[in-house]
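Encoded as structure tokens, the structure appears first; notes follow it.
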Amino acid sequence: MRGSVAVIATDPRRAVEAVFRIESARLIAGLARFVGDVGLAEELAQDALVIALEQWPVRGVPDQPGPWLMATAKHRAVDQLRRQENYRRKLAVLGRDVELAEQQEPDLTDALDDHIGDDLLRLILTACHPALTTESQVALVLRMLGGLSTDEIARAFLTTEATVSQRILRAKRTLAKERVRFELPAPDELPGRLAATLGVVYLIFNEGYSATAGDDWARPQLCEEALRLGRVLAGLLPAEAEVHGLVALMELQASRMRARTGPDGAPVLLFDQDRRLWDRLLIRRGLDALGRAEALGTLGPYGLQAAIAACHARASRPDATDWGRIAALYRLLAHVAPSAVVELNRAVAVGMAEGPQAGLDIVDGLAAGVLAKYPHLPAVRGDLLEKLGRAEEARAEFARAAALTRNEQERAIFERRARS
């Protein structure tokens, strides 16, 4: 996501796929600005990928694969414009001459008045256009600029892939209908795009922290990218409390990464982690960011979640955790940003603070709702039932959680709990 890279690979197809993963965000955003249509930009990017898959195995991987993809996609754009009746008028609007486009394709982002100073963050802010609803903005940006699949986005929104696909399609159509140009928002427009931007950054972090599917328990590179974006955003908008709240939350959660897997690579849950492995520098940075958020005013949803994470970070061992405070913070979070996931997390905290039956009462109120197919619902219920001594019921819940998850490492945890 950070610009062109030199790729050395013996397998050209793998090289193409690796370059495209890295360059796709910048490629699509540059093309969207060039042609004025995000849907067409995605098609052109895919065309460039197909051409690379055809040519690179024969001709070899170019020295600068990223610019090669951009130039190829832009030439495809020029070819399409040439076939249209209003080709010259569109070129005039784009400020391009076809001969210049064919001979020399300058990087469009270089011409921008860049008061942001970060490629990916600039693209996210550009795409979070007010013509779209916040949910549509987040879904579109996560798919096109965040590199997440519709499946991963669907899990984040607790909805179906079909719903997410339709949301993204409608977003593209709205942008085309409104003739929205992908231009860098002015500094005074940034606060209006903040909610969607924070949502995108945190969902990227979440997918890195707990992968939706596959063999990996986590995808650390996504966490690192989200952290970097959050820090840049905090420097860009230092007076926004929720920006610092989000940074605090990500720093504090990221501090546990080394302790989340054992020597054999198996996942280690929070209560079993060796807290000596938690990154003290990230904890200190997270607590500092939380302090800045608190100093700027009332905490929002990210700040409240950071305050919850801070309770864990300050406890040297699990039984020293202030579960009463965590339960109270979740109760406040449920008021500020109500959601089924918040209620499920509150159930865990209440179960620890007031006893497993109190937590189970909350969980049972969620069972028929939006979390019916969410694997962590039966997992939490199984844990509470086990603490109540209802072993057979607990075993059935862990088995159901294992059947619902598509992450292999997570499935192994649930299956192990069921057997025990």
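The values are calculated or read from the model by the stated rules, or taken from the named source; none is laboratory data. Here the structure is a predicted model, which means the values were calculated and not measured. Methodologically, a virtual Cβ is constructed for each residue, glycine included, from the backbone with ideal geometry; neighbour enumeration extends over all protein chains shown.
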Would you call GLU408 surrounded by fewer than 21 Cβ atoms within 10 Å (Cβ to Cβ), at pLDDT below 95, farther than 19 Å from ALA349 by Cβ and in contact with a strand residue (DSSP E or B) (Cβ under 8 Å, 6 or more places away or on another chain)? yes
Would you point out which residue out of HIS335, HIS312 is of a type outside the set (Gly, Ala, Ser), without any contact (Cβ under 8 Å) to a residue 40 or more places away in the chain and at negative phi? HIS335
Determine which single condition GLY359 fails, assuming it passes every other condition in (1) of a type outside the set (A, V, I, L, M, F, W, C); (2) under 17 Å from ALA394 (Cα atoms); (3) surrounded by fewer than 20 Cβ atoms within 10 Å (Cβ to Cβ). (3)
Before we move on, is ALA367 more than 19 Å from LEU333 (Cα to Cα), under 25 Å from the mean Cα position of the chain (by Cα), modelled with pLDDT under 95 and surrounded by fewer than 21 Cβ atoms within 10 Å (Cβ to Cβ)? no
Given (1) among the β-branched types (Val, Ile, Thr); (2) out of contact with any helix residue (DSSP H, G or I) (no Cβ under 7 Å at 6 or more places or on another chain); (3) closer than 26 Å to ARG419 by Cα, number of the condition VAL363 does not satisfy: (2)
Got a number for residues in segment 59-80 being out of contact with any Asp or Glu (no Cβ under 9 Å at 6 or more places or on another chain) and either on the phi > 0 side of the Ramachandran plot or hydroxyl-bearing (Ser, Thr, Tyr) (or both)? 1
Restricting attention to segment 303-319, report how many residues are outside any loop (DSSP other than H, G, I, E, B) and modelled with pLDDT under 95. 2
Of the residues that make up segment 395-402, is at least one closer than 28 Å to ARG325 by Cβ, surrounded by fewer than 20 Cβ atoms within 10 Å (Cβ to Cβ) and of a type in the set (A, V, I, L, M, F, W, C)? no
Taking segment 251-281, which residues are among the hydrophobic types (A, V, I, L, M, F, W, C), in contact (Cβ under 8 Å) with a residue 12 or more places away in the chain and touching a strand residue (DSSP E or B) at 6+ places or on another chain (Cβ under 9 Å)? none
Can you tell me which residue among LEU344, LEU385, LEU360 is touching a residue at least 12 places away in the same chain (Cβ under 8 Å), within 25 Å of the chain's Cα centre (by Cα) and assigned to a helix (DSSP H, G or I)? LEU344
